[in-house]
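The structure under discussion appears below in the form of structure tokens.
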Amino acid sequence: MSIQNKKTLINFKKAQGSILKIIKMIEEKEYCIDVMQQNLAVIGLLKSAHQMLMENHLDNCFKKAMSTTNEKRKQEMIKEILQVTKLSNK
């Protein structure tokens, strides 16, 4: 596993732990602002992990697809990137 993938996985595991903490906070009826702050921390971790995944994809899969002579594959790859980018901006 690459260093980049390890860092991404760490972010997902931190987010997972924080989500469990949020659930417990809600069950224990903790202060709403405290819960929202934890939620924002999770969102930040997930955004960071998404960015790392995108960078890794562009550095590897995308570069490989763009270096081929297969125009159909190139167009598919561009379409995939645009779809993911559109979803991440919602």
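FYI, it's all coordinate maths here, none of it is from the lab. Worth saying up front: this structure is predicted, and the values here are computed from it rather than measured. Glycine gets a Cβ as well: all are built from the backbone with ideal geometry, and neighbour counts include every protein chain shown.
Brief remarks follow.
- Helix 71-88 vs. the chain, principal-axis angle (Cα, 0 to 90°, nearest 10): 20
- Of the trypsin sites (Lys or Arg not before Pro) in segment 1-45, those whose Cβ has at most 16 other Cβ within 10 Å and which sit in DSSP loop: 29
- Positive-end residue, the chain charge dipole about Cα centroid, Cβ charges, pick of 10, 60, 88: 60
- Checked against a 24 Å cut-off, the cross-linked pairs 14/47; 63/86; 6/90; 13/63; 14/74; 14/86 give Cα-Cα distances beyond that limit for 6/90; 13/63; 14/74; 14/86.
- When only alpha carbons are used to place a centre, segment 47-90 and segment 7-44 end up 29 Å from one another.
- Evaluating kT/(6 pi eta Rh) at 37 °C and 0.692 mPa s, with the Kirkwood radius of the chain over Cα pairs in the Stokes-Einstein relation, gives 215 µm² s⁻¹.
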